[in-house]
Amino acid sequence: MFTSLRNTRRGFSLIELLVVISIIGILSSVVLAALATARQKSRDAKRIADLGQLRVGLELYFDRRDTYPTTTAATPSKPGGADGGIVIVAAEKFLPQVPVIPSRVRTEVTYIYRGLTSAGADCNAGAFCPRYLLGTNLERSDNVVLLTDPDDVIAAGNVFYGASNDCLVNTASVPDQCYALKS
């Protein structure tokens with residue numbers, strides 16, 4: 001006559017389902033946030049590695065030409081987001097190709113190159129360029145490499161700093177995100 005409660009209850013209640021769905025939602029949002037951070041770090045690591053590759057190409061160029069490319073080198077439409085000096089180094093086969101900026105929006109970051117005279121001024125066409133500055137803007141301002149890069153290196157008006165896309169605009173209120181290398 002008496003039926004057991006165990007036999008009449010065959011599924012989950014609405015409250016139980018809502019609790020499980022909310023727990024799954026919270027866990028997935030945590031995972032997605034961690035994934036976004038990992039993607040930013042990955043793109044920054046690629047940019048840093050690309051600068052290392054560009055440095056090797058520039059040194060090979062210097063070894064052959066006894067000068068670095070000029071700052072005002074003919075800049076095509078910045079293929080892959082690189083300055084004209086980098087494009088010239090790649091065109092002369094000192095690089096296998098112009099590195100492509102890893103970014104969600106291809107126009108937000110570029111590889112910046114400045115050929116410098118021994119006095120630190122921009123090298124113009126026909127000038128001897130014994131030095132250079134090379135930089136790119138990283139997505140994360142907490143990257144350890146930003147502590148050791150030669151930011152705020154004043155070279156006759158050329159300063160690599162700030163969070164601007166071209167690393168040349170002083171944005172003192174914004175954390176430093178421009179990673180730079182120099183010869």
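Since every read-out is calculated from the coordinates, none of them should be taken as a lab result. Computed from a predicted model, the values in this text were never measured in an experiment. All Cβ positions, glycine included, derive from the backbone under ideal geometry; neighbour counts span all protein chains shown.
Neighbour counting of Cβ atoms within 10 Å sorts the residues Leu14, Leu134, Leu60, fewest neighbours leading, into Leu14, Leu60, Leu134. Among the trypsin sites (Lys or Arg not before Pro) found in the range 7-54, those both in a DSSP coil and sparsely packed, with 15 or fewer other Cβ atoms within 10 Å of their Cβ, are Arg9, Arg10.
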